[in-house]
Amino acid sequence: MKEDALRGKMGFVRGQTALGRRGRAGASTRLDTRHIHYATSPWWPHTLVAADAGRGQVLVRGALPLLYEKGRVMKIIKAKDYEDMSRKAANIISAQVILKPDCVLGLATGSTPIGAYKQLAAWYEKGDVDFAEVSTYNLDEYRGLSHDDPQSYHYFMRENFFDHINIDLNNTYVPDGSNPDAAAACSEYDKIVAAAGYPDLQLLGIGNNGHIGFNEPDDHFSKGTHCVDLTESTIQANSRLFDSIDDVPRQAYTMGTQTIMYARMILVVANGEAKAQAVHDMCYGPVTPACPASILQLHTNCVVVADEAALSLCE
Ligand code: GLP
């Protein structure tokens, strides 16, 4: 499809928007980025659409950054410290559950969300929040670990959250890392997440290198669930949770970036100085698969709750 045809179909092509320039210069997708334009669309009038004029494909849609000052595309909430970050994140998640008791939550592992899970469990104990009808879909799992392996994310979720609330374990899903058939395990998980209608709220941590789930820096944004080779920096970062670095699995199954973007709301939590560069690049860097979290700039409802140290480069 020619650019003119796209213009007719999508409205006014704004190739010279700030994001458009960044998209052309910085974002490297598998597509020829010289053809990528950003436009408003008659179907989603308050929404930014990135389209490949060469192929006539709509790639992503998200908030219209031109309407916002720097820092207002994503809602960024500064927390004093880890406890404050955890409480604020838990407040947002519990509001979701209270507003929609049978909501679909996308959940994350890692050290960062543990405090929020603890807070939610405490509020459940007090009778403030009820998880009986909630269903959950985790982002990722190490390949090759059984569900009972203490290093598996299946185990992590039970230990840190599910065993402390009244969720029905039959309504909790994590990619099946114990299935050696990567293609089968991943397509099965995609079907499960799609059948659930995608998360109402997706909780995300962020890796030191800007990864979300286990979507590592790459030359393109991923789509559905897939098997990834973990980068040395991620293996190194996650080795603190294993007896030795040799025990860290080298591969994982992860929900893709596109699937993550389907969530109706995204809540990113981050704390500590080690995350400062990744948080800066996520919020203010170019939208590029070299920093997978940067795609969240295009989500229409993304909230970042981070402590002062994690936001130290965003001032
Ligand atoms: C892992 C997980 C991510 C998580 C990241 C950061 O790699 N797959 O989902 O966001 O670690 O972990 P932490 O919160 O421990 O820094």
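The values are calculated or read from the model by the stated rules, or taken from the named source; none is laboratory data. Treat the numbers as computed from the prediction; the structure is a model and nothing was measured. Positions of Cβ are generated from backbone atoms using ideal geometry, with glycine treated the same way; all protein chains shown enter the neighbour counts.
Given the residues LEU203, LEU241, which is the only one that is hydrophobic (A, V, I, L, M, F, W, C), modelled with pLDDT under 95, surrounded by 14 or more Cβ atoms within 10 Å (Cβ to Cβ) and within 14 Å of the ligand (Cβ to nearest atom)?
LEU241
So which residues in the range 114-128 are in a helix (DSSP H, G or I), over 9 Å from SER86 (Cα atoms) and either of a type outside the set (A, V, I, L, M) or in contact with a Gly (Cβ under 8 Å, 6 or more places away or on another chain) (or both), if there are any at all?
Answer for the range 114-128, where residues must be in a helix (DSSP H, G or I), over 9 Å from SER86 (Cα atoms) and either of a type outside the set (A, V, I, L, M) or in contact with a Gly (Cβ under 8 Å, 6 or more places away or on another chain) (or both): TRP123, TYR124, GLU125, LYS126.
Restricting to the range 248-288, count the residues that are of a type outside the set (D, E, K, R) and under 26 Å from ASP200 (Cβ atoms).
24
Looking at LEU311, LEU298, LEU230, which is the one that is buried (at least 21 other Cβ atoms within 10 Å of the Cβ) and closer than 20 Å to ASP140 by Cα?
Result of the check over LEU311, LEU298, LEU230: LEU230.
Please pick out the residue among ALA90, ALA122, ALA116, ALA95 that is surrounded by fewer than 17 Cβ atoms within 10 Å (Cβ to Cβ) and closer than 25 Å to ALA196 by Cβ.
The match here is ALA95.
Could you tell me which of the residues SER178, SER187, SER146 is outside any loop (DSSP other than H, G, I, E, B), surrounded by fewer than 21 Cβ atoms within 10 Å (Cβ to Cβ) and touching a residue at least 12 places away in the same chain (Cβ under 8 Å)?
Just one listed residue meets the conditions, SER187.
May I ask you to list the residues in the range 109-140 that are of a type in the set (Phe, Trp, Tyr) and either in contact (Cβ under 8 Å) with a residue 40 or more places away in the chain or outside the structural domain of VAL269 (by TED's automatic domain parsing) (or both)?
TYR117, TYR124, TYR137
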